[in-house]
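Report on the following structure.
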Amino acid sequence: MDGVKVAKRRKITDKSIPNALAQLPEFAEDSQMYQSLLEMEKKLDWTMNRKKVEVQDALARNPTTTRTVRLFLSHTVSGQIWQTGEASGAEGINFETGQGIPAWSLKVEGRLLELPNQRARDRISPRKFSTFIKKMIVELDRDPTLYPDGNVVEWPRSPTIQQPLDGFTIRRTGDQPTKVRFIIYLEQTPEQFKVAPDLGNILGIKEESRIGVIQAMWNYIKIHGLQDKTDRRRIRADDYLRPIFGGEGIMFHQLPELVNRYLMPPDPIVIHYSINPAQAPPERPSAWDIEVKMEDTSLKNRIMVTVQSSKDSVSDLNKLDDEIALLAQSLHNSHTKRQFLQSFANDPANFVQTWLASQSRDLESVLGSGPSEGATIRAEELRRSDFFRLPWVEEAIAVHEGMRLASRGMQ
């Protein structure tokens, strides 16, 4: 109904057993085993919660891995003298369509190599070659008097590209040998930086991510005990770090800013290739392997599957915990009932008098407060005759008289 709040059922969490029951000789061994299980459960819960935090932290940081991209370079030629024959000369050339003009085509392709011994269910669609390239510059070493244009080709990665590419082709006219230089800037995750030699020689790294350099710096500080023992926020400088810090020490929160001063853009990958149109192209393309750092989607998917399965397990464990808590509560209730009946069996008369006195105190506590002629009911209410005409009075008198007559009969 609108405006009516349904009372939420309180979840029972206490799984302990009564101490009096645990101390009974016939239940001592079983009670000790149950307590040992509870202690073990606490340790397991602590370990599971710690692992859960570690998994969540790993998912938030996006696990990375180093993979290999294989770059293939090949070329084809057309309209060359050794293909058309010298006798044809300029008669077989169509300047409108370009047919018969000596030319060559340079093809650049790349693909991500699969991991060895990878399970079929863990395989995912590999990324396209262009997604690993931030920018690529192709320089053609040709005579500028003969070929003034098109000697530098720049391919920047643009978000306007509709679909990633596995490669591209460069076509140029000419019959002269040409040296080609590829300058490749990689797109890596996380972004990599070149570490300045002043800091890189100390930490033993040349290229790393920003977080990786900070972690290496912190490891160096811990290994050499450079953290101030009095003020843990202060980092002391040794002989190697003194030129880096520019003094005897810095504060801990200044480390990222300090590291950023020694980070530079990474060096590009340079590949040289030669094209000789006067000879037949190689049957097989030339290949180079390039290592790139990228997000480990396979590990992330496995972690997600583990987390999902753990959620189902947690749901089952919660159901078992609820059942155990209900059984423990039932045991408490049975123990209370047993004590109640045992006290009644030992001394019925005294038990009934004690119980009536307890019920009377409870009733007086519910109806009012403050002493009045030996009772806690307010005297003003007792003076009113309406008080004795309430619906519960007749029933209370009947119960009281029935108990009084029963106790008299027992005597």
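The values are calculated or read from the model by the stated rules, or taken from the named source; none is laboratory data. These numbers were taken from a predicted model, which means no experiment stands behind them. Every residue, glycine among them, receives a Cβ derived from its backbone with ideal geometry; neighbour counts consider all protein chains shown. To get the accessible areas, we keep the full protein, side chains included, count just its heavy atoms, and leave off ligands, DNA and RNA. Shrake-Rupley method; radii C 1.70, N 1.55, O 1.52, S 1.80 Å.
Worth a mention:
- Distance violations [Cα-Cα > 22 Å] among LYS222/LYS300; LYS52/LYS300; LYS128/LYS206; LYS51/LYS229; LYS194/LYS293; LYS107/LYS135: LYS222/LYS300; LYS128/LYS206; LYS51/LYS229
- Cβ-derived FRET efficiency at R0 30 Å, MET264 paired with ARG61, nearest 0.05: 0.80
- Lysines with Cα under 16 Å of LYS319, excluding same-chain neighbours fewer than 8 positions away: LYS11, LYS15, LYS311
- Net charge dipole size for segment 133-190 [Lys, Arg +1 and Asp, Glu -1 on Cβ; Debye, nearest 20]: 120
- Dipole check for segment 193-264: with +1 at the C-beta of Lys and Arg, -1 at the C-beta of Asp and Glu, and the Cα centre as origin, the magnitude is about 180 Debye.
- Summed over the residues of segment 193-264 and divided among them, the accessible surface reaches 62 Å² per residue at a probe radius of 1.4 Å.
- Full extension of the segment from LEU390 to ASP321, taken as 0.36 nm per residue of separation minus the current Cα-Cα distance, would add 20.2 nm.
- Segment 146-269: relative contact order as a whole-number percent, Cα under 8 Å and 6+ apart: 27
- Between LEU299 and LEU356, the contour length at 0.36 nm per residue exceeds the Cα-Cα span by 13.6 nm.
- Scattering from segment 193-264 was approximated by placing one identical point on each alpha carbon and applying the Debye formula without solvent; log10 I(q)/I(0) at 0.12, 0.21, 0.26 1/Å stands at -0.27, -0.86, -1.32.
- Rounded percent of accessible protein surface that carbon and sulfur make up, segment 240-329, 1.4 Å probe: 55
- Karplus-based coupling profile of segment 321-328, in residue order and whole Hz: 4, 5, 5, 5, 5, 5, 5, 5, with θ = phi - 60° in 6.51 cos²θ - 1.76 cosθ + 1.60 and x standing for Gly or Pro.
- Over segment 193-264, Cα pairs under 8 Å with separation of 6+ residues give a relative contact order of 35 percent.
- A Förster distance of 25 Å, applied to the separation of the beta-carbon atoms of ARG111 and THR76, puts the FRET efficiency at 0.80.
- Count Lys and Arg as plus one, Asp and Glu as minus one, and take only other residues whose Cβ is under 9 Å from that of ILE184; the net charge is then +2.
- The modelled label-to-label distance for the pair ALA287/LYS135, using points 7 Å beyond Cα in the direction of Cβ, is 3.0 nm.
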